[in-house]
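The values are calculated or read from the model by the stated rules, or taken from the named source; none is laboratory data. Note that the structure is predicted; figures quoted are calculated from it, not measured. For accessibility, only protein heavy atoms count, side chains too; no ligands or nucleic acids. Shrake-Rupley method; radii C 1.70, N 1.55, O 1.52, S 1.80 Å.
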Amino acid sequence: MTQTEVITKIRVHIAKSYNGKQSDYAESLKVTSSMISAVLTGKKEPTKRMLNDIGVFRVKTIITSYENQD
């Protein structure tokens, strides 16, 4: 799932569960409205709780390169 898809799901969650009020969602998470705004604009990553609210979890992939030593 892309960051854009996650943000869209968070927006839909806020619209359905909080009548579109980001401030109410922020209050429920005990974060500032500016934090919600930063997530919705892609400036910050969603918190674990935000991801849980939309039924998503974060998986980090680390890609490394190495040279064959044979």
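Share of carbon and sulfur in the accessible area of the chain stands at 50%, probe radius 1.4 Å.
Only Cα pairs under 8 Å and 6+ residues apart enter the sum, and on that basis the relative contact order of the chain stands at 24 percent. For the chain, the calculated P(r), taken from all Cα-Cα distances in 5 Å bins from zero up to the bin holding the longest distance, is 3, 16, 26, 23, 9, 5, 4, 4, 4, 3, 2, 1, 0 percent. Taken per residue, the accessible surface of the chain reaches 79 Å², heavy atoms only and a 1.4 Å probe.
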